[in-house]
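Every read-out reported here was derived from the displayed coordinates using simple, explicitly stated rules and does not represent laboratory data. Since we're looking at a predicted model, the values are computed, not measured. Heads up, the Cβs are rebuilt from the backbone with ideal geometry, glycines too, and the neighbour counts pull from every protein chain shown.
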Amino acid sequence: MTAMLVTSFAACSPDPRTQTMVVVDADPGVRMEARLIRIEVWGGPSGEPPTFIEPALELPVPGWPVTHAVIPRGDDASRRFRVEVTVLDRTGGRSVAHARAVAGFAEAQTRAIHIRLYDDCIDREACPDDQTCVASGACASAERDLVPYDPTSEPDGGGGVGDAGGMDGGASDDGGPSDAGTDAPIGDAGCTSEADCDDGIDCTEDLCQVGGTCRNLPDHTRCEPSGADCLAAPQCVAGTGCVEDLAPNGSACPGGTCWCGGCWLHDACGSCGGGSCDCLENDCQTPACMSAGLCS
């Protein structure tokens with residue numbers, strides 16, 4: 001499959017690429033609680049307010065450290081960007097820790113910045129936009145200097161590296177962003193082109209990274225919805241393909257409300273007469289739940 005410029009990596013380009021690799025690591029306490037990582041990027045011309053880049057990446061933590069590539073729109077190394085990193089617990093409803101960095105680019109070079117999520121920042125309120133939480137739990141400047149990027153290093157004893165990429169300052173010129181995916185070397189010599197990295201899954205973008213390692217990035221925009229009621233927007237899952245999960249309970253559907261994957265002509269929760277219906281546990285608390293057919 002052909003790789004989009006927005007997420008391709010320097011090793012597969014005949015010319016040096018202008019990009020900054022954001023390397024994210026975490027203290028032991030954060031690692032223990034983190035199950036999801038959310039990465040948001042703002043970008044724009046130097047001296048102008050940055051623009052939020054849609055959509056934010058939110059995915060299971062693939063291992064530590066996590067690396068995200070930011071490429072300046074139009075290959076303009078004078079642009080600046082701000083990256084926000086949040087890790088969430090297993091429910092996805094609680095923010096465990098948050099950090100940010102503000103940086104730029106070095107023309108025709110792959111450089112790096114490092115962000116660390118500290119234990120002292122667990123459950124701490126976010127700092128102002130130009131600051132980040134540091135080891136003491138206080139807020140300090142979020143400005144980061146560019147440093148050399150070594151794709152073979154794993155600072156602080158980190159585990160496997162998960163990569164994702166995005167273009168600062170606007171949406172992808174090819175129709176959409178991609179999320180982190182699988183990572184695998186190809187033979188002793190490594191990959192030399194995207195063709196070496198084809199995983200046979202239509203919704204992934206196959207990339208040959210710095211160091212000759214393949215990356216297969218899920219691209220949700222390549223998944224077509226089935227059109228069935230009460231299914232969420234399809235997501236591309238690395239190693240699997242396009243998957244449609246059930247829509248959240250309470251979502252609107254034609255003529256009713258989604259509950260347990262079905263479209264009901266009433267609000268199932270409100271029809272329980274003060275009781276509750278739990279789809280996962282098949283927990284029926286009142287006759288109204290049973291008569292509604294919500295539980296087996």
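A few remarks follow.
- Packing order of peptides 71-81, 241-251, highest average first: 71-81, 241-251 (average count of other Cβ atoms within 10 Å over each peptide's residues).
- Taking 0.36 nm per residue of sequence separation and removing the Cα-Cα distance, the residue 192/residue 106 pair yields an extension gain of 28.5 nm.
- Cβ-derived FRET efficiency at R0 41 Å, residue 221 paired with residue 120, nearest 0.05: 0.60
- Spin-label pair residue 202-residue 76: with each label point 7 Å from Cα along the Cα-Cβ axis, the two points sit 3.7 nm from one another.
- Ordering of 34-41, 61-68 by packing [mean C-beta count within 10 Å, highest first]: 61-68, 34-41
- Stretching the chain fully between residue 229 and residue 145 yields a gain of 25.3 nm (0.36 nm per residue, less the alpha carbon separation).
- Spin-label model, residue 251/residue 46: points 7 Å from Cα along the beta carbon direction are separated by 4.5 nm.
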